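J.: Please see the structure below; I have some questions.
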Amino acid sequence: MGVTVTDSGMATHTTVRTAMSRAQLRLRGMRRLKGARRIVQLAFATWIVIAAVRNQTSPSGQSASLDALCPFGAVETLITWVTTGHLISKTHSSNLVLGLAVLVAVLLVGNVFCGWICPFGALQDALTWLRKKARLPQLAVPAGWDRWLRWGRFVVLGLVLYYSVSTAKLWFSDYDPYVTLFGLRWLFAFNASTMWISLALLAVVIGGSLVVDRFWCRYLCPLGGVFSIVGRFSLLRIRRSRRACTDCTVCDKVCPAGITPSKAKPFVSPDCVGCMDCVAACPVKGALRVEAPVLLGFPVLKEAERTTGRPRERVGAGSKDAS
Ligand code: SF4
Ligand code: SF4
């Protein structure tokens with residue numbers, strides 16, 4: 001790198017050196033973002049585990065149950081609450097407060113709940129990390145299958161709403177793999193005869209998440225289904241600039257939700273879990289960015305008014321190397 005033969009040769013060396021340092025900077029940015037996300041996920045998962053231990057070890061009713069700390073409880077109880085003024089069993093006003101807070105957050109900044117807060121999302125990220133460490137391949141779900149399977153979230157959501165209203169109970173709690181795992185009944189009050197269905201479902205979801213990143217979020221999570229609808233109206237969303245994008249598909253390769261930011265027209269799919277990995281990984285300046293203002297899903301400014309300029313250097317990192 002230090003040998004200079006001609007002026008043009010020297011220019012080439014300088015360019016290469018600059019490009020490398022920028023690539024390293026980008027990699028460092030990806031690692032920092034991922035590190036920050038892991039810390040936040042771990043903090044919330046730890047809080048939930050502590051709450052579950054307290055709930056399982058203290059006298060009944062003296063500490064909050066996992067059900068009371070879940071924003072999805074708001075969705076489950078909403079229809080009954082609106083039509084009768086009562087909450088379904090095992091839900092509390094805390095569910096409504098949490099549900100409203102998460103709804104406002106999604107409307108303002110997009111679906112950060114799934115990518116940064118949900119302990120079950122963190123678990124699936126951990127399973128992806130394990131799969132990579134074990135050098136196991138990810139199951140490639142054909143695009144057509146993937147599109148249909150994503151409707152599974154709405155099927156589950158429909159079932160949950162129907163049975164929650166008709167039974168006036170937190171019906172899904174007995175099957176929800178999140179409650180099964182983080183509720184810790186398998187540890188403190190194990191009963192195979194009453195728990196075998198929920199444990200079998202949990203095993204299926206964990207197995208699925210080992211071979212498909214964020215399997216539960218992609219195909220089955222009813223709260224993810226709600227966010228997929230609400231996310232269309234988020235004020236802030238990730239937007240791809242068709243002018244700047246070079247179609248390198250680096251962003252697609254790092255996306256845990258299995259969506260394709262490289263094909264966004266211009267906003268990424270509302271199935272996005274808000275991890276920001278694609279934005280950090282994109283090697284082209286301005287090709288992916290979080291943008292506002294956006295009014296009901298439509299950009300206030302047109303692409304031509306906000307051209308971001310020159311592409312950054314191309315660097316060859318096409319893998320999930322920052323994990
Ligand atoms: S990584 Fe950036 S440049 Fe490459 S396809 Fe995605 S948005 Fe376009
Ligand atoms: S589109 Fe980007 S921010 Fe959304 S889930 Fe995929 S990688 Fe994460």
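J.: Of all the residues that make up the range 97-121, how many are in a loop (DSSP other than H, G, I, E, B) and surrounded by fewer than 21 Cβ atoms within 10 Å (Cβ to Cβ)?
T.: Of the residues in the range 97-121, 0 are in a loop (DSSP other than H, G, I, E, B) and surrounded by fewer than 21 Cβ atoms within 10 Å (Cβ to Cβ).
J.: Residue under question is Val284, and the condition is that it be in a loop (DSSP other than H, G, I, E, B) and either within 11 Å of ligand 1 (Cβ to nearest atom) or not charged (D, E, K, R) (or both); does it hold?
T.: Taking the combined requirement at face value, the residue satisfies it.
J.: Run down Ala51, Ala126, Ala45, Ala64 and say which single residue is touching a residue at least 24 places away in the same chain (Cβ under 8 Å) and assigned to a helix (DSSP H, G or I).
T.: Exactly one residue qualifies, and that residue is Ala45.
To keep it simple, each residue is scored yes or no on (1) more than 13 Å from ligand 1 (Cβ to nearest atom); (2) touching an Asp or Glu at 6+ places or on another chain (Cβ under 9 Å).
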| residue | (1), (2) |
| --- | --- |
| Val211 | yes, no |
| Arg214 | yes, yes |
| Arg218 | yes, yes |
| Val250 | no, no |
| Cys255 | no, yes |
| Pro266 | no, yes |
| Val279 | no, no |
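J.: Could you check, for the range 129-144, whether at least one of its residues is touching a Lys or Arg at 6+ places or on another chain (Cβ under 7 Å), assigned to a helix (DSSP H, G or I) and of a type outside the set (Lys, Arg)?
T.: no
J.: Another question, then. Mind listing whichever residues of the range 145-154 are part of a helix (DSSP H, G or I) and surrounded by 15 or more Cβ atoms within 10 Å (Cβ to Cβ)?
T.: Result: Asp146, Leu149, Gly152, Arg153, Phe154.
J.: Of the residues Asp277, Asp271, Asp252, which is touching a Leu at 6+ places or on another chain (Cβ under 9 Å) and within 15 Å of ligand 2 (Cβ to nearest atom)?
T.: Asp277
J.: Filter the range 213-244 down to the residues that are in a loop (DSSP other than H, G, I, E, B) and within 14 Å of ligand 2 (Cβ to nearest atom), then identify the one that is surrounded by the fewest Cβ atoms within 10 Å (Cβ to Cβ).
T.: Per the stated criteria, the residue is Leu236.
J.: Then there is this: When the residues of the range 255-268 are filtered to those that are more than 7 Å from ligand 2 (Cβ to nearest atom) and part of a helix (DSSP H, G or I), which remaining residue is surrounded by the fewest Cβ atoms within 10 Å (Cβ to Cβ)?
T.: The selected residue is Lys263.
J.: For Val284, are the conditions met, namely being among the aliphatic types (A, V, I, L, M) and away from ligand 2 (no atom under 12 Å from the Cβ)?
T.: Judged against the criteria, Val284 is a match.
Read-outs: derived from the displayed coordinates by stated rules, not from any lab. Bear in mind that the values here come from a model prediction, so they are computed numbers and not experimental data. Please note: Cβ atoms are built from the backbone with ideal geometry, for glycine as well, and neighbour counts cover all protein chains shown.
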